[in-house]
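Before any comments, here is the structure.
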Amino acid sequence: MAEPNFPPLPGFIPLKPCFYQDFDEIPEQHRSLCKKMYHLWMLNSATLAVNLIGCFAWMFGGGGVTNFGLAIIWLIMFTPCSYVCWFRPIYKAFKSDSSFNFMMFFFVFMAQVGISIIQSIGIPGWGVCGWLATISFFSYNILIALIMLVPTIMFTAVASLSFIALTKIHNFYRGSGGSMSKAQEEWTTGAWKNPHVQAAAQQAAMGAAAGAMQDQYSSPQYNENQM
């Protein structure tokens, strides 16, 4: 088994990486989309960090300490949880063509989309600089409201991109013949955690994709009687 390499931590920190991540092990036909999901996770994490700055400015302008405290919790808790709860399942789903991991991803990521929409709305007291909080603060301090506007736009972008990604992956999964019954079968048989079964599924998926590409670009053959 490969040695964990993520997250990359400096040598002076007495902690070790927890996960192995290498996009080269993802089948080529899924690699680009998998990388995009990773970039979406990075954008979501960066948005939570920028939101912390926005909430600090909000507190400095008289918005209260509650939002700043909640912003810290959002950043510390949701950055690792989003990686573990929805990026790792989709990473493993693309890697081994696992219906169980696809279903886990859909279940968690739908909640992620809902949370992103709530964050972009910006309900006061929730620790986020969304549209409601930012627009209402323009009447008090324009400069701080402009600072709050940055994470607001980023939350909106995350919500929009998350919805697009969910729709795209769902369409791909349904188009490839995936279903809830297939995921239940993987859960019952334990195939979702069997590395040999995962490897066989990955090879089958890669072989099917290669065969489809070969059929697409191969020249047509004609029978002599048809000439």
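Here are the numbers:
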item	result
Where region 40-190 is the region considered: accessible area per residue in Å², 1.4 Å probe	48
Residues whose placed amide H lies under 5 Å from that of N5, excluding near-sequence neighbours	F19, Y20, Q21
Estimated dipole of region 71-187 in Debye, rounded to 20 [Cβ of Lys and Arg +1, of Asp and Glu -1, Cα centre]	160
Inter-probe distance in nm under a simple model that places probes 7 Å from Cα toward Cβ, at V65 and F6	3.8
Euclidean distance of C-alpha centroids, region 61-96 and region 114-161, integer Å	17
Percent carbon-and-sulfur accessible area, region 14-82, ignoring ligands, DNA and RNA, probe 1.4 Å	72
Using a Förster distance of 22 Å, the FRET efficiency for M110-Y38 (Cβ separation, nearest 0.05)	0.70
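The values are calculated or read from the model by the stated rules, or taken from the named source; none is laboratory data. Here the structure is a predicted model, which means the values were calculated and not measured. All Cβ positions, glycine included, derive from the backbone under ideal geometry; neighbour counts span all protein chains shown. Accessible surface is based on the protein model in full, side chains and every heavy atom, while ligands, DNA and RNA are left aside. Shrake-Rupley method; radii C 1.70, N 1.55, O 1.52, S 1.80 Å.
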